[in-house]
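Here's the structure we're looking at; comments come further down.
Nothing in this text is a laboratory measurement; each read-out follows from the coordinates by a stated rule. Being a predicted model, the structure only gives us computed values, none of them experimental. Cβ coordinates were reconstructed from backbone atoms using ideal geometry, including for glycine residues, and neighbour counts include every protein chain displayed.
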Amino acid sequence: MRANNLQILFSILSFLIPFFLFGQSDRDGSRRVTSTYYISNTTVIPYPGELLTGQNLLFSDGVIKALGKNIAIPAEAREIKGDSLFVYAGFIDMANKTGMEEPPIPEKPEDFDPSQPLPEIAGIHPHFSALDHYQENNPHDKEWRKLGFTIAQKLPKGKGMLPGKSALVLYGHESRNNTLSENQSLYFKFSTAGGVYPNTDLGVMAKWRDLMENSRLYDKHGEMYDVRSSLRRRENNPVLEALIPVFKKEMPLLIESSDELDIRRALKMQEENNFDLVITGINEGASLLPLLKEKKAGVVLTLHLPEDKFSDPPEGDKGPHFNHRLERVKTAYQESLALAGEFEKAAVPFGFTSKHLPRADFFKNIRLMVANGLTEQGALAALTVHPAEILGISDIAGTISEGKMANLVLMSDTLFSEKARVMMVVADGFVFDFSEKPEKVKEEEVVWEYEAETQGGKSKGKWTLTRKDKKWTGTVSYDDPQGEGVKTSSIENAVVTEKSLAFSFTVQVGTDSLQVSVSGEVTGKEFSGTMKITDYGNYPVRAKKLEKPEQ
């Protein structure tokens, strides 16, 4: 009798486990009871332009095991009902900096000579690795995973022209090793550290040529020493050592661009030194398409589109040339929307970077590009196939097929439909379930009064955060750096939990825009964390939640 009761109990449990697994949202993958799953009777888009219906997709231990209408399903496999779902390969984000910390840089010595600074002080540290300064379990990456991103190329932060090497990471479960590649590419910017050589764009170009030539000589010296032991040993130089894989074409050089001039400079650099080139952040340059195609450069377009400033022009006196200026703005805006379509027509493959993109604009901007000339197949390829090829991981990612990583996006409708919603994301075989619609909540406002220690002294103000339907927005007030009273900026990418708070905003100083990010821990009504000002450093910040904020 007791044995029969146990049998009944186990039968009930075996029925209830799948119910609890997928009947309730599992947003962090923590309720996994097996590593083997199959998505039943679903629609799979294994490759852009290909659609398969009535498919079963089996994956185990983070790897796709089988795909087809009639496949063997192991007894231990848990079912994910896919009747109404559309399954895509996981998205790949290129040239991303979320979760990155700036590396510590040595203090300037008392006898400091700005014409001959230490490489680290001049922003020349190609031997630094992004992974050494990556905060893996950060809230921003989790939010991007909710949108379908499963792999990201992380760029090192830092001032100057050579911040370090990029890395490839998975947005998998925090209990696993999520590193795919520690040294994926060398990151280069047309940027200076300020106050030291090189301190101009021409100086950066000259320094690059000097570094490449010295790196070749350094490598040659090492080869000669290996043959002739009587030769004096070379002095260890980590900067020159880090450049050797670039001119040997063992590692690509990833160059950040902000305009067409940067793209031309990057192509010139490649012509002079014959390395594998990837250009990221491209937001213009349709006229350079033949040259980009000829040089076989890897291309990464920005997903961050300019604002529509002409549909609702400001009221008041518009001046005699207002319509002409408005038309120029409109033309530039439309060219930005059509740029991805132009690259696709020219058969120049490209990936996307989410750098500087507010998460709420991701699907909107993709659909804007599709509405302005980019095909749906081209958009999907830019999120999956092309970045996998550019990053050299197409053997494990970018499409859905047997033997590839189980990185999947399960949508409620076709990807580019206005009503499509991400229902689940599979990253490294872990299932993150977002199928439950968040409950509607009333609008809520929280105000923090903060104080930060910066180079210019103490900075005070308020963070006003407003939540509506679980989406946080708001404003930051701060003392104007130019001494013109109190200014406010819009809060972006806010992530608010019971124990943490993180967001970013932009401070306008003259014609310059400073990117600021805040993150830290919340204990009751107290906040303690860091305010990071891009290119300037990290500063401690504390805040108190106001009981009754002034209206």
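Tabulated data
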{"read-out": "Share, in percent, of DSSP beta bridges within the chain that are antiparallel, nearest 5", "value": "75 percent"}
{"read-out": "DSSP-assigned coil residues among GluC sites (Glu not before Pro) in the range 336-405, each with at most 16 further Cβ atoms within 10 Å", "value": "402"}
{"read-out": "Trypsin sites (Lys or Arg not before Pro) lying in DSSP loop within the range 62-129, provided at most 11 other Cβ fall within 10 Å", "value": "69"}
{"read-out": "Proximal aspartates and glutamates to residue 545, defined as alpha-carbon separation beneath 19 angstrom and excluding residues fewer than eight positions away on the same chain", "value": "443, 444, 445, 449, 451, 453, 498, 521, 526"}
{"read-out": "Kirkwood Rh and Cα Rg combined as Rg over Rh, evaluated for the chain", "value": "1.00"}
{"read-out": "Electrostatic dipole magnitude of the chain [Cβ: Lys, Arg +1; Asp, Glu -1; Cα centre; debye, to 20]", "value": "960 debye"}
{"read-out": "Neighbour cut-off at most 11 other Cβ (10 Å), DSSP loop, GluC sites (Glu not before Pro), the range 82-168", "value": "107, 110"}
{"read-out": "Total formal charge among the other residues, if their Cβ is under 14 angstrom from that of residue 253, Lys/Arg +1 and Asp/Glu -1", "value": "+3"}
{"read-out": "Unsatisfied cross-links (Cα-Cα over 31 Å) in the set 345/470; 207/460; 154/471; 330/355; 249/345; 81/470", "value": "345/470; 207/460"}
{"read-out": "Kirkwood Rh and Cα Rg combined as Rg over Rh, evaluated for the range 444-545", "value": "0.94"}
{"read-out": "Normalised contact order of the range 45-180, rounded percent, pairs of Cα under 8 Å and 6 or more residues apart", "value": "23 percent"}
{"read-out": "Net charge, residue 522 excluded, C-beta distance under 12 Å - Lys, Arg +1, Asp, Glu -1", "value": "+2"}
{"read-out": "For the range 444-545: relative contact order, % (alpha-carbon pairs under 8 angstrom, 6 or more apart)", "value": "22 percent"}
{"read-out": "Rel. contact order, % - alpha carbon contacts under 8 angstrom, at least six apart, the chain", "value": "14 percent"}
{"read-out": "Partner aspartates and glutamates for residue 157 [C-alpha distance under 17 Å; skip if fewer than 8 residues away on the same chain]", "value": "93, 101, 102, 120, 132, 136, 141, 182, 256, 535"}
{"read-out": "Dipole-positive endmost among 269, 257, 194 within the range 179-302 (Cβ charges, Cα centre)", "value": "269"}
{"read-out": "Total formal charge among the other residues, if their Cβ is under 12 angstrom from that of residue 147, Lys/Arg +1 and Asp/Glu -1", "value": "+2"}
{"read-out": "Between the range 49-73 and the range 117-143, the Cα center-to-center distance that results, in Å", "value": "38 Å"}
{"read-out": "Positive-pole candidate from 72, 475, 51, dipole of the chain, charges at beta carbon", "value": "72"}
{"read-out": "Expected 222 nm ellipticity per residue - DSSP helices of 4 or more, -39500 (n - 2.57), all of the chain, to 500", "value": "-8000 deg cm²/dmol"}
